[in-house]
Amino acid sequence: FFLILLADWLTFFVLSGLGVALGCLFYTQAVGPITLQLDFSTAYLLTYQIIFATIIGLLFGRRKQQSFDTLASEKKRITIEHQETQEELVESQQGKANMVKMVEKAGMEDMSYFAETSKELLEILRNVGSEKDVGAASYLTDSLAEASAALDRFEHRAIGYLPLEDVRQMDLPDLFREVGVALEARAQKVVFRISPLTPSVQCDVKSIKKLLITSAAFVHKMGESEGPVLLATERTTLGYQFDEESMDEIKTVDAICFTITTATQLPKVRKRYIAQMDWQQKAAERVEELLLLRNEQLLKAHYGYTAMETVDGVLTLYYVIPINIREVRAERTEIPTINGRGDWPHADDNYPGANDREEAFLEEVWARTKADLQVVERAIEVLKDYHGPTRRSTGEPFYLHALEVARIVMDYTQDETTLLAALLHDTIAKTPLTPEQLTTLFNFKVSNIVKAATNMLLREESAYTITLTPVEHVREMVKRKDERVLYIKVADKLHDMRTLQGVLIREQLTLVNEVLSYYSPIAQALGMKKVVEEFTQRAQDVLDRLRNV
């Protein structure tokens, strides 16, 4: 009876009536016909029970109302706190944007100019100044270079670069099923439509799922239609410009367009979209804008395209991403030291033989070239700082690979700029170091060669780099007509062929194919006869070994 009173009044009356009916039925079956004799004892008991039940009901009803009031107060408190948190997020995002603007206004670009000017003055003082003046100028130059590089890295990381943490292949029906469950919990009606031409996609599943959920909620809230939100996919392509000023050369990859709309019919999807690779830090005025900015950041982390349009009160969001993210964004860009989440610990100087190899390399530079040993030593320190704890498949610190590449290059050219670029050839691709920082720390010539030797399409004033296929990379290098770049890449591939221990069979075959198809002919054209012979021999050894596996 107490449990009945805990329920609402309708349930109370239903269960009470059912209980009385069952009681009467049981009595008539077990005892006999019911006779109503309203004597004093029966009337007293009935009155007592009615009063008692009413009092208990009122007490429990009051407690239930108090419980509802408490829940309502708690809901109001959570709503206020949620609103305050959203406002704090907006303020934080605005503060981040303002901080970047403040650093730019404070003269970050001027800092790079001062660093370059200081280098020029140092060269003049070395010819006409005293040793004391040269020492002071050298200290100032190094300090300005480090400060400029640090500010450049700050902007590089603050303007929207986003690491991907859950990249995997996922079937679209499974992805939409998870999105549907999340939206159903929000009482959000969504109609899904999947293109049969795109059964799966490789992406950061967690990020894309979050993007679709927030976008559907946003469209439903901001659109004028009361009907369900349509979430559909269509096959399309994404284009990446090789030259920012020209549309003549474009890298094209298969892509998928997510369309979120309140329209009853799916808007038409274009055959090709040009990826939006330039991120500008924006300040949000409202929470809704903050969500869209976050979605835009997620899309650009996928090297995609995003757009929003409103026609006759119908709101539509377009999100286009590559079907295979690794076609354009290299897996190594998720390494903590590259995306800025980790520290940059120094390389392992105590690795067996590392110090001896470094000393032997410096002695060879001193004996065979006219390069400034101080600058070469600084380049090696940059390698140790930025490659840090990274190791190759052989287990040795990564910076030793750069020493060996530079040693091979020295057999064919003793130019200081080429030597420095050979040492630094992997820094842009595999460390947080940017081309701008390389220019500040060394010079534009070194930075330009390293950029050309990197198998990525680098965009000015952008944190994003686009992976090039081997044929695209070779085409870009040959187009530059810079032998220094080709010497470095041939030397890089030669050392890779010499150190295949621990490399997967699939990767060995890929390397052999690249060497025989592209780099052996390049070496032949450069007159690197010994390199061509070694390429041929080592490629044959790999193929023979794999045949016996």
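Hey, can you tell me all the residues within the stretch 477-498 that are crowded, with 16+ Cβ neighbours inside 10 Å and assigned to a loop (DSSP other than H, G, I, E, B)? Hit for the stretch 477-498 is D482, nothing else. All conditions in (1) at pLDDT 85 or above; (2) crowded, with 22+ Cβ neighbours inside 10 Å hold for A463, with the sole exception of (1). Is it the case that V471 is buried (at least 21 other Cβ atoms within 10 Å of the Cβ) and not in a strand (DSSP E or B)? No; evaluated as a whole, the condition is false for this residue. Count of the stretch 360-389 residues, restricted to those that are assigned to a loop (DSSP other than H, G, I, E, B) and either among the polar types (S, T, N, Q) or surrounded by fewer than 19 Cβ atoms within 10 Å (Cβ to Cβ) (or both), is 4. If you go through the stretch 356-411 and keep only what is in contact (Cβ under 8 Å) with a residue 40 or more places away in the chain and of a type in the set (G, A, S), you end up with A371, A379, G388, S393, G395, A406. It is to be established whether one or more residues within the stretch 414-432 are free of Cβ contacts under 8 Å to residues at least 60 places away in the same chain, open to solvent by 50 Å² or more (accessible area, probe 1.4 Å) and not in a loop (DSSP other than H, G, I, E, B). Among the residues of the stretch 414-432, at least one is free of Cβ contacts under 8 Å to residues at least 60 places away in the same chain, open to solvent by 50 Å² or more (accessible area, probe 1.4 Å) and not in a loop (DSSP other than H, G, I, E, B), which makes the answer yes. Considering V531, V503, V512, the condition of being at pLDDT below 90, in contact with a Leu (Cβ under 9 Å, 6 or more places away or on another chain) and not acidic (D, E) is satisfied by V503 alone. Consider L438 carefully, then state whether it is in a loop (DSSP other than H, G, I, E, B) and closer than 24 Å to E381 by Cβ. Criteria not met by L438. Reported count of residues in the stretch 291-348, each being under 24 Å from L458 (Cα atoms), in a helix (DSSP H, G or I), open to solvent by 60 Å² or more (accessible area, probe 1.4 Å) and at pLDDT below 80, is 4.
The values are calculated or read from the model by the stated rules, or taken from the named source; none is laboratory data. Only a predicted model underlies this, so the values are computations on that prediction, with no experimental measurement involved. Cβ coordinates were reconstructed from backbone atoms using ideal geometry, including for glycine residues, and neighbour counts include every protein chain displayed. The accessibility values were calculated without ligands, DNA or RNA, using every heavy atom of the protein model including side chains. Shrake-Rupley method; radii C 1.70, N 1.55, O 1.52, S 1.80 Å.
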